[in-house]
Structures are given as C-alpha cells and as structure tokens.
Amino acid sequence: MKKTEKCRAIRQAAVVLRSAGLQQTLRSSLLEFLIGSGIQTLEELLEQERTLRCGPRYEHSVDREAYRFGRTTGELILGGRRVCVPRPRVRTKDGREVLLPSWTAFSREDPLQARAVEQMLIGVSTRKYHRSLEEVSPDLKVSGLSKSAVSRRFVAATQAKVEALVRRDLSTLDLPVLMIDGVYFVEHVILVALGIDRDGRKHVLGLWEGATENATACKALLADLVERGLDTEHALLCVIDGSKALAHALKQVFGLNARIQRCQVHKKRNVLEHLPERLRGSIAAAMSRAYACADASEARRRLLHLAAALEKEHPSAAHSLREGLDETLTVKSFGLAPVLEKTLSSTNTIENLMGTVRRVTGRVKHWRGGSMIVRWATAGLLEAERGFRRVKGFQGLKLLVQALGRDELDKDTHPTSSKEAA
C-alpha cells in the first residue's frame, strides 16, 4: 500500500472512531437531555402561569388579586420515581396558597402504583425495583425507591384491583359455560371462576379464598357470583376437575340447570395413580380411544368394559374409573365439533389461567395471610386476562347454546326480533 493511501485509511478510521464515540455519548445522555429539557419547560410554563395570575414582575397594579411568594420544592412523578422540582408559589391577598393549573394537573397523576404492579408482574423484586428504572441525572433529588415504598404502592394498587374484581357486574353476560378451579398457597386455596360467553370470549368472574377446596368455599364463591348477577335460571355447562365438593355445590346452587362436565384429563390421571407403571401407558391409551369416540354411549360402553377388565387385579383403579363416569361424557352428548368438544371436556382452559397466577406468585417466598394471597392472585388473574383469546372451536358454541336450551333466552329477551325473523 502506498504511503498516501495508508495515511488516508488512518484518517478515515479516526473519523469513524470519533463518530462512534460521539454517537455513544449522545445515546447515553439523550434521556438526561430530554428530562432536563422537560423540567426546564415545566418551570417556564409555571412561571408564565404565575405571571398571568400576578402580573409582570416589579409592575405595580391595584387590581392584582395575588402576589408572588418565592419558590419551594415539590415532587412530581418521573420514570417510576418521585423527583424534586422547584415550584413557584402564589398567594392571595388574604394569605391563601394558590396552586398553578399545570402543577395541579401534573401532580394529580400518580402512575407509580401502576408502574410498581407492572414491575412486580414481570418478576422485579421490591429490593431491586430501582435498578429496573431508567437512569436520570444525578443532580435530581429522587425518592420513592425504597423497598417499603414500592411495597406500599403495590399493596394499594392490588387492593384496588381486588375490590374492582369482586364488584364486577355479571348480569350483562350471557355465559353458557362456567369453569371453576383452585390453586393452593400454603394453607389456603383460591377458587377461581371463569366464564365463557356464546362468542367464545373468556371472562374472569371472581375468586374466593378458603382453607380447603370444600363445599363451603365453593358455595360461597357461587353465592357471590349469583349475587352479582350470574344467571341461574337457564342450563349451564359447568366444567370442573374431579372435585366432589365442587359438583355438590354446583348442584345445590343451580339444581338441574347445572350440567356437570368433569375433566377427562383429571379422570385419566386419577385412574393411572392406582396402577403400576407397566400398565399406565396401555390404560391411558385405551381411555383416550374411548373418549375419542363420536358417540357418548359407545364411549361409556368402552370405559365400563375397561373398568370390568381392571376389577380383579386393580379394583381401586376400576372404582376410580366408574366414579362420576357419566359426568366425564356430558359434553360428548351435545354432538359438538371435535375441536370445541375437546376444549370443553377438560379444565385446560382455566388451568392455563391458573398457570399465569402460579408464575406471577412464584417469586413470593413468605405469605403473610389470606389478604396478601388474594391480592397477588388477583394480580395474576388480571395479568392473564390481558392476553385472553377466544376458545378453540368457538364457532360451535351456537350448537351448545341450543343443546342447553339457552336459545329460549334470546326469544324471551328480544321478542320483537324473533317476530321479525319469523
């Protein structure tokens, strides 16, 4: 390489390096620049509002209703923290403090609670909250970043969410499907109710805290749903795991309108627990083939035949298979499309919801009472609700509505429309 070409290459490399360093400097200070500019703009805006209220500085006016009263330090929310900002003060002639409109507007907004909840939901601990925030100028005095301050905001925000959830009006929802499941926390269980409307959209209906998943807690949850408007006058498909307490409570509240569907996945799991390892694969396959039958009576025949085959060597497995067998075939009797039938034959839909609750609450090491558990469970439920999609096979829900006799509800509610359709 010639000497001139070599020198040119060195100069070009130097330019590139200087440019890269400048860009890095700009990137690192951009946020600081924007924050500084924003605070300066706010100070100018406040000073303009004070001038409008008090008149120009050093100008005498007999009509003046307020006067300048120096400056003080106030707090505003910035990037998940409180920052100290100079605030111009105004007082009336009788000494009353006057807040400037811009300051009132900015200080009224309190996004700290929402920010704290978001950070907790994505797994940030209260101790490390400050590390998850954007950096600001070291010249700014900040507060509200301590573990206790973040914890207080999270408690206040989640308590408000609990109160909003338990007050939800259910009277406007047309829900042909109700799913109930529980999640355990130490000595507590949180029962959750999930509704599916006729368009396939899911709705978190409510939750209830109890000591165990017993009939008392189940009835308390259902009573709360009914009090808030859940329809008990029309047939309802109730999908549950294998809990006898849940089934008993549903029948007590809804009577014959409760069409119980026990989860087929739980049924298989319960049967296999009574069998030795060498038989579990073949028995699980046999049960799956039976549940895959298009006809409910054929599925029932095959399952009873399997129970009879197990009776001699494994009577506990046979008893488990027969127990509540017909309730595992409820959906199959409706003649739904295979995709929707599979969706409604198990509690997988609500299990996915509970999975989010477990993920959100998984970082908590020490539970301090049922109230804390309810708040965290509610946060998990609402986090899952943000990602809800319609259930698989929702197009076939119209057939389920007809099978349940809920199409009569439409005729009663919209008699004019029914006449016009006729």
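Just so you know, all these numbers are worked out from the coordinates, no wet-lab data involved. Predicted model, so just to flag it, every value in this text is computed and none were measured. Backbone-built Cβ (ideal geometry, glycine too); neighbour counts: all protein chains shown.
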Taking the highest mean first, how do the peptides 250-257, 177-184 order by number of other beta carbon atoms within 10 angstrom per residue? 177-184, 250-257
For the pairs LYS268/LYS398; LYS161/LYS332; LYS219/LYS267; LYS161/LYS202; LYS267/LYS392; LYS244/LYS268, flag any whose C-alpha to C-alpha distance is greater than 27 Å. LYS268/LYS398; LYS161/LYS332
Would you please classify the overall shape of the range 200-253 from the alpha carbon gyration tensor, given that a ≥ b ≥ c denote the square roots of the eigenvalues, rounded means a/c under 1.5, and beyond that prolate means a/b larger than b/c while oblate covers the rest? rounded
Length-normalised contact order of the range 171-408, Cα under 8 Å, at least 6 apart, in percent, tallies to 23 percent
Residues with amide H under 5 Å of TRP367's amide H, sequence separation 5 or more or different chain, H placed in the peptide plane at 1.01 Å from N; which? none
Using each residue's phi in the range 171-186, evaluate 6.51 cos²θ - 1.76 cosθ + 1.60 at θ = phi - 60° and report the 3J(HN,Hα) Karplus result to the nearest Hz, with x for Gly and Pro. 5, 8, 8, 9, 10, x, 10, 10, 10, 9, 8, x, 10, 9, 10, 6
The range 62-74 - phi-based ³J(HN,Hα) in whole Hz, Karplus 6.51/-1.76/1.60, Gly and Pro as x: 6, 8, 5, 9, 9, 9, 5, 9, x, 9, 9, 9, x
HN-Hα J couplings of the range 231-244 from phi, Karplus 6.51/-1.76/1.60, θ = phi - 60°, integer Hz, Gly and Pro as x? 5, 10, 8, 10, 4, 9, 7, 10, 9, 9, 6, x, 5, 5
For the range 321-402, what class follows from the C-alpha gyration tensor (a ≥ b ≥ c being the square roots of its eigenvalues): rounded when a/c is under 1.5, otherwise prolate if a/b is larger than b/c, else oblate? prolate
Taking the highest mean first, how do the peptides 275-282, 379-386, 226-233 order by number of other beta carbon atoms within 10 angstrom per residue? 379-386, 226-233, 275-282
Rounded FRET efficiency, nearest 0.05, which uses the C-beta distance separating GLU227 from ARG368 and R0 of 30 Å: 0.55
So how do HIS305, HIS366, HIS203 line up by other beta-carbon neighbours within 10 Å, fewest first? HIS366, HIS305, HIS203
Checked the range 171-408 against the a/c 1.5 cut and the a/b vs b/c comparison, axes a ≥ b ≥ c from its Cα gyration tensor; verdict oblate
Of 239-246, 85-92, 264-271, ordering from highest average Cβ density within 10 Å down gives 239-246, 264-271, 85-92
How large is the dipole of the range 171-408 about the Cα centre if only Lys and Arg carry +1 and Asp and Glu carry -1, each at its Cβ, rounded to the nearest 20 debye? 740 debye
Taking the dipole of the range 211-326 about the Cα centre (Lys, Arg +1; Asp, Glu -1; charges at Cβ), the one of GLN264, LEU325, MET287 that reaches farthest to the positive side is MET287
For ARG87, what residues show an amide H to amide H distance below 5 Å, using hydrogens built from the backbone and excluding near sequence neighbours? THR72, THR73, GLY74
